[in-house]
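Written out below as C-alpha cells is the structure these notes cover.
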Amino acid sequence: MLEKKEHNYEKAVLVGVITQNQDEEKLTEYMDELEFLAFTAGATVQKRFTQKLTQPDSKTFIGSGKALEIKEYVKENEIGTVIFDDELSPSQLKNLEREMEVKILDRTNLILDIFAQRAQTSYARTQVELAQYQYLLPRLTRMWTHLERQKGGIGMRGPGETEIETDRRIIRDRITLLKDKLKTIDKQMATQRNNRGKVVRAALVGYTNVGKSTLMNSLSKSEVFAENKLFATLDTTVRKVVIGNLPFLLTDTVGFIRKLPTQLVESFKSTLDEVREADLLIHVVDISHDSFEDHIASVNQILMEINAHQKPMIMVFNKIDDFSYEKKDEDDLTPSTKKNISLEEWKKTWMAKSKYPTVFISALTKENFPEMKKLIYDEVMKIHISRFPYNDFLFEYFDNDEEENNN
C-alpha cells in the first residue's frame, strides 16, 4: 500500500507557531530545517506563515483567522501543499483539510515520506512501512471524506462505520505482520553481529546531513551513498577499516533530527542496535551549522533513550572548510553572539573541557585527518587491549597515508 514514490517538485507553504516554549529565533531555526526537509521530499517553499499563540488551537492548531489567511494565499497562488512544523492531531488534520481544501502535512508525515523515498533495502522499507501504518491508524477517518456527506438516517450510518472498522482491522493485522517480520530480521542481524567475533566495533552517530557517510567513505575507502540532503542514509552499512595496523569495524547509521517522530524511533530501534552494541561511538558534528550545539543535545537525548549514552565517544567536528563567522570591529560595543565566535575561540570554550577526545576536521578536504585517525586508533587500541590483554605489543601506530605518500 505505502510504496516508495518518485516526487515531482510541488509548491508548498510552511506554517509554524511561536509559543511560550518556542520563541521567534528558535522557530526560525526549525522552519529553516523544515524547508530543507520539504526540499528533500520534493517541494519548493513559496512562503512561510507564523502565528503567535499561548497554546496551539485545538481545532485548527493556528486559529480560524490565520487558517483563512493561509487559505486565501493558497488559492490565489495555486499551492498544493501546506506543511506544519509540529505534529497535528487527527481532528486538526481533518479540520484543516476541510477548511483549506488542499493537502495538509505535518513534520512527522513529511519525515515519513522522505524515509519512504530513501529506503533501499527490504529491512529499511519494512521499518518505514510500520512507522507509516502506526501514524496512519488514528488518522484513518480523514481519508473517508465521502462519509462526511452522509447526514445520518436509516441505513446510512452502518456501512460507513463498517468500512472504516474493516480498514482499521486490516491495518492492525498489517502492523502485527510487519512487527513479526522485523523480529525475524532482527534475529538474523543479531546472528550477523555475533559472527563478527570480538573485533572492536565503532559506530558513526550524529545529526542528519553532518557528513557521516562522507567520513565513512574516506576512512573505509568504500562508496557509501552520500548527498547534501537530509536522511541520505537509512540503511546501516558496516565496513572493515584498518588504521595503522589495527583493524576494526565501522558502522554508518541513520542520522537523527529534532522532533523525531516517535513512530520512527520505535521502528528503527533495531537499526539503532548497531549503535547500542558498538564499543566506540564517533559523534560527528557539523560545526558550520548555526545550531550545532542543539544538534549535539538532540543526538545525546536519543542516545540516552536507547541506553547508549555511557559508551566511549570521540567528538569529530566536521566541515571546518565551510565554517565562517562575523568578525566584530574593535570599536563595536554591542554584545557578542555565537555568530561572532571564531573556530579558534570555539576550541577554547566548553569543547576544551569536554570529557571526550575532540578533533576538528573536513571530511571533504581531509584536513586534520592524521590527527583524527590517531585519535580513533588510540581509542580502539584501548578497547582492543582490554579485550586481548596479551597482544598489546603487536600494535604500533603508523600513518597509512604517510606510508602511501612515501611510496
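Structure values in brief
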quantity: Enumerated helices (runs of 4 or more DSSP H) restricted to region 50-139, each holding at least 2 residues that are open to solvent by 10 Å² or more (accessible area, probe 1.4 Å) and at pLDDT below 85; calculated: 107-118, 122-136
quantity: Criterion: open to solvent by 90 Å² or more (accessible area, probe 1.4 Å) and charged (D, E, K, R) - qualifying residue of LYS339, LYS347, LYS373; calculated: LYS339
quantity: Any helices (runs of 4 or more DSSP H) falling wholly within region 154-272 and containing at least 2 residues that are surrounded by fewer than 18 Cβ atoms within 10 Å (Cβ to Cβ) and modelled with pLDDT under 85; calculated: 157-195, 262-267
quantity: Cross-chain or 6+ apart pairs with Cβ under 7 Å, region 24-35 first and at pLDDT 85 or above, then part of a helix (DSSP H, G or I) and open to solvent by less than 50 Å² (accessible area, probe 1.4 Å); calculated: LEU34/ARG107
quantity: Positions within region 10-49 being outside any strand (DSSP E or B) and of a type in the set (D, E, K, R), in sequence order; calculated: ASP23, GLU24, GLU25, LYS26, GLU29, ASP32, GLU33, GLU35
quantity: Any pair with Cβ under 8 angstrom, 6 or more apart, that starts in region 85-107 at a residue that is within 20 Å of GLU29 (Cα to Cα) and ends at one that is open to solvent by 20 Å² or more (accessible area, probe 1.4 Å) and of a type in the set (Phe, Trp, Tyr); calculated: ASP85/TYR30
quantity: Residues satisfying the stated conditions in region 345-378, i.e. without any contact (Cβ under 8 Å) to a residue 12 or more places away in the chain and part of a helix (DSSP H, G or I); calculated: GLU345, TRP350, ALA352, LYS353
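The values are calculated or read from the model by the stated rules, or taken from the named source; none is laboratory data. Quantities reported herein were computed from a predicted structural model and do not represent experimental measurements. Here Cβ is always computed from backbone atoms with ideal geometry, including for glycine, and neighbour counts include all displayed protein chains. Accessible surface areas use protein heavy atoms only, side chains included; no ligands, DNA or RNA. Shrake-Rupley method; radii C 1.70, N 1.55, O 1.52, S 1.80 Å.
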